[in-house]
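The values are calculated or read from the model by the stated rules, or taken from the named source; none is laboratory data. Small disclaimer: the values here were computed from a predicted structure and weren't measured. For neighbour counting, all protein chains shown are included, and Cβ atoms are generated from backbone atoms with ideal geometry for every residue, glycine included. Please note that ligands, DNA and RNA were not included when accessible areas were found on the heavy atoms of the full protein model with its side chains. Shrake-Rupley method; radii C 1.70, N 1.55, O 1.52, S 1.80 Å.
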Amino acid sequence: MSKNGSPQRTIAGAPCETCPAHNIGNLKKLGINMDDWDYVVALAGNPNTGKSTIFNTITGLHQHTGNWPGKTVTRAEGGLEYGGKRYKIVDLPGTYSLLSTSLDEEVARDFILFGQPDVTVIVTDATRLERNLNLVLQVLEITNRAVVALNLMDEARRHNLTIDERRLARDLGVPVVPTAARSGEGIPDLLQAIHEVATGKVVGRPHRIQSEPPALKRAVAELVAEIEKAFPGLPNARWVALRLLDGDRRIIEAVKRGELGDLNRGASEQVNTIELPLEVAP
Ligand SMILES: Nc1nc2c(ncn2[C@@H]2O[C@H](COP(=O)(O)OP(=O)(O)O)[C@@H](O)[C@H]2O)c(=O)[nH]1
Ligand SMILES: [Mg+2]
């Protein structure tokens with residue numbers, strides 16, 4: 001049972017008494033002590049959905065929450081141990097989309113696409129679900145290793161909103177976990193869902209557009225073959241192909257200059273080198 005007395009909600013099925021979620025004592029907050037790790041978890045989401053609150057709660061760090069002008073921090077990292085595995089958590093900048101119209105979107109997108117996190121948690125505002133699903137669907141185009149945190153559930157309840165999270169999980173094809181991060185509600189379930197996706201116990205099957213027109217399908221197939229030849233090991237050539245067809249300037253430039261591979265390496269290396277922006281004054 002989770003803190004609010006409701007059954008554990010993951011798409012793994014019935015609650016299990018031996019699962020780590022039943023003992024939040026299994027969570028060891030490592031703060032910045034994360035020399036080596038088994039899995040990397042990215043926290044993505046629209047601004048003000050509670051990403052940093054979740055980040056602080058699970059790592060024990062104190063990254064500033066709230067938005068203030070002139071904030072230069074783009075990304076914070078911290079660690080935790082859960083279920084015998086060490087996790088590095090990366091708090092990405094808030095974005096409404098991954099279509100790269102701003103630096104923040106670029107940072108978030110490059111990390112999800114090229115940093116190859118083991119799990120991407122998309123933190124959503126349960127009171128503005130429709131607007132938030134835009135980013136969710138974009139992330140699910142890139143990766144199937146995702147968990148949706150349905151945050152601000154306390155606010156949703158206050159507005160008499162009820163969300164059928166099981167149905168949502170089914171429709172999206174990835175685990176959906178209701179949370180109220182400020183009070184810690186649902187955090188054990190979220191950790192458990194992250195753990196299950198990271199370890200491969202739960203494999204997401206995201207809903208993706210299948211009915212492409214034949215001309216688009218052909219163009220994508222052709223491009224995918226070329227991209228895979230030029231950039232072996234790229235995590236999602238199909239997504240890159242779609243972006244190219246859409247005229248995404250950054251991706252076009254990266255392909256032209258042969259930088260897609262560099263972008264890939266760069267994002268992975270950054271994981272080691274970014275400094276922790278703790279307690280940055282407004
Ligand atoms: N009521 C409520 N407030 C929350 C919850 N999670 C975060 N907040 C608040 O929402 C604001 C934005 O949170 P923050 O973590 O900075 O969001 P971020 O921009 O996604 O990193 C802060 O004032 C948090 O205290 C929640 O579950 N319920
Ligand atoms: Mg934040």
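Observations on the structure shown:
- Hey, Val203 surrounded by fewer than 21 Cβ atoms within 10 Å (Cβ to Cβ), under 30 Å from Leu129 (Cβ atoms) and of a type in the set (Val, Ile, Thr) or not: yes
- Residues in the stretch 136-188 that are away from ligand 1 (no atom under 16 Å from the Cβ) and assigned to a helix (DSSP H, G or I): Leu137, Gln138, Leu140, Glu141, Ile142, Arg166, Arg167, Leu168, Ala169, Arg170, Asp171, Leu172.
- Strands (runs of 3 or more DSSP E) fully within the stretch 13-87 that include at least 1 residues being within 13 Å of ligand 1 (Cβ to nearest atom), modelled with pLDDT of 90 or more and open to solvent by less than 30 Å² (accessible area, probe 1.4 Å): 39-45.
- Scanning the stretch 143-161 finds no residues that are β-branched (Val, Ile, Thr) and surrounded by fewer than 21 Cβ atoms within 10 Å (Cβ to Cβ).
- Being away from ligand 1 (no atom under 16 Å from the Cβ), part of a helix (DSSP H, G or I), open to solvent by less than 20 Å² (accessible area, probe 1.4 Å) and not polar (S, T, N, Q) is a description that does not apply to Ala221.
- Selected residue (criterion: nearest to ligand 2 (Cβ to nearest atom)) from residues of the stretch 195-217 that are out of contact with any Asp or Glu (no Cβ under 9 Å at 6 or more places or on another chain) and among the aliphatic types (A, V, I, L, M): Val203
A quick yes/no check of all residues on (1) at pLDDT below 80; (2) surrounded by 12 or more Cβ atoms within 10 Å (Cβ to Cβ); (3) in contact with a strand residue (DSSP E or B) (Cβ under 6 Å, 6 or more places away or on another chain):
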site	(1), (2), (3)
Pro178	no, yes, yes
Ala181	no, yes, yes
Asp189	no, yes, yes
Val197	no, yes, yes
Leu234	yes, yes, no
Asp246	no, no, no
Glu259	yes, yes, no
Glu269	yes, no, no
